[in-house]
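K.L.:
Once you've had a glance at the structure underneath, I'll fire off some questions.
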Amino acid sequence: MTQLFDLSGYIEEGQPGVGSETVLYTTLTHAERGHQVKRDLESRGLDGESEYVRRHLRAEHEGYDEEQPMTRTMIVSEHGPTHVDSIDHLDPTSELSIDEMPMEWFYGDAICLDLSEVEYPDHITVADIEAQLDESGLEVPEEGTVLFDTGHYEANYSTTNYDKKHRYESEWVGMTEAAAEFVVDAGARAIGIDAISVDNLENIEPNYEFPVHALASREDTVIYENLANLGAVAGESFTFSGMPLKIRNGTGSPVRPFAIFE
């Protein structure tokens, strides 16, 4: 029987990450819609107590205190929640915005390696990857995806705990450029991690170098970040789906990635 494992976090207000703050607000409630339609029907001499109106006013009539949204508006960074980067994210000369990248790059064979024993401020090295490949018996899939479970999302993600949120945004385990190059040279089309960046913070500061992102832009390698629940699939091979939204000229996109086990 086919099994699916969700590898995404929530899109929610207060979430840690980069880019703009995530904001969600109600643009229309069921009660507002019900009263709108009721007024319109009655203004035309029709029955204002239609089934459609009664359905939308049901919560109000039953005394619900909470607002019952019918539609909401969302403001979210392309790089805020669980997301995928476009090739032109760090290379302004590239023509591969998220909507121009082939869909085949976001779907296919995948593996997930358990790197949870690597602790901040260390970073994932070639030796770490080779050791996990040997231990698990897995191989880097040609034109496939390699995910790295560091345990960071499960340990530190929070929208309300300041200390956890600070750790999530500043104390994650990333990759060395050599580690990323090793995986790409082995045939990977995509890499992903359960942190805000595949680059280790030490690689970014103080010179604002993003060597893994730079390598990915040169090699047309897909990057997934802020993945979740990787512990559920660590040490396994599976089919991976991580399709982006079709955002015109997008520098990235929120995604709902999942692992497929047949």
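K.L.:
Of everything in the range 68-111, what is part of a strand (DSSP E or B) and more than 26 Å from THR159 (Cα to Cα)? Give them in sequence order.
P.N.:
TYR107, GLY108, ASP109, ALA110, ILE111
K.L.:
Something else: Quick one: MET74 ticks every box in (1) surrounded by fewer than 16 Cβ atoms within 10 Å (Cβ to Cβ); (2) free of Cβ contacts under 8 Å to residues at least 60 places away in the same chain bar one, so which box is it?
P.N.:
(2) is the only condition that MET74 fails.
K.L.:
Here's another thing I want to ask about it. Restricting to the range 44-67, count the residues that are in a helix (DSSP H, G or I) and loosely packed, with under 12 Cβ neighbours inside 10 Å.
P.N.:
So the answer is 2.
K.L.:
Name the single residue that is nearest to the chain's Cα centre (by Cα) among those in the range 128-175 being hydroxyl-bearing (Ser, Thr, Tyr) and crowded, with 20+ Cβ neighbours inside 10 Å.
P.N.:
Applying the filter and picking the extreme gives TYR153.
This table checks each residue for (1) farther than 24 Å from ILE260 by Cα; (2) out of contact with any strand residue (DSSP E or B) (no Cβ under 9 Å at 6 or more places or on another chain); (3) at pLDDT below 95.
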{"position": "HIS56", "(1), (2), (3)": "yes, no, yes"}
{"position": "ILE75", "(1), (2), (3)": "yes, no, no"}
{"position": "ASP85", "(1), (2), (3)": "no, no, no"}
{"position": "GLU100", "(1), (2), (3)": "yes, yes, no"}
{"position": "GLU104", "(1), (2), (3)": "no, yes, no"}
{"position": "GLY108", "(1), (2), (3)": "no, no, no"}
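K.L.:
What's the total number of residues in the range 134-168 that are in a helix (DSSP H, G or I) and small (Gly, Ala, Ser)?
P.N.:
2
The values are calculated or read from the model by the stated rules, or taken from the named source; none is laboratory data. Given the structure is predicted, the values throughout are model-derived calculations rather than measurements. Reconstructed Cβ throughout: ideal geometry from the backbone, glycine too, with neighbour counts over all protein chains shown.
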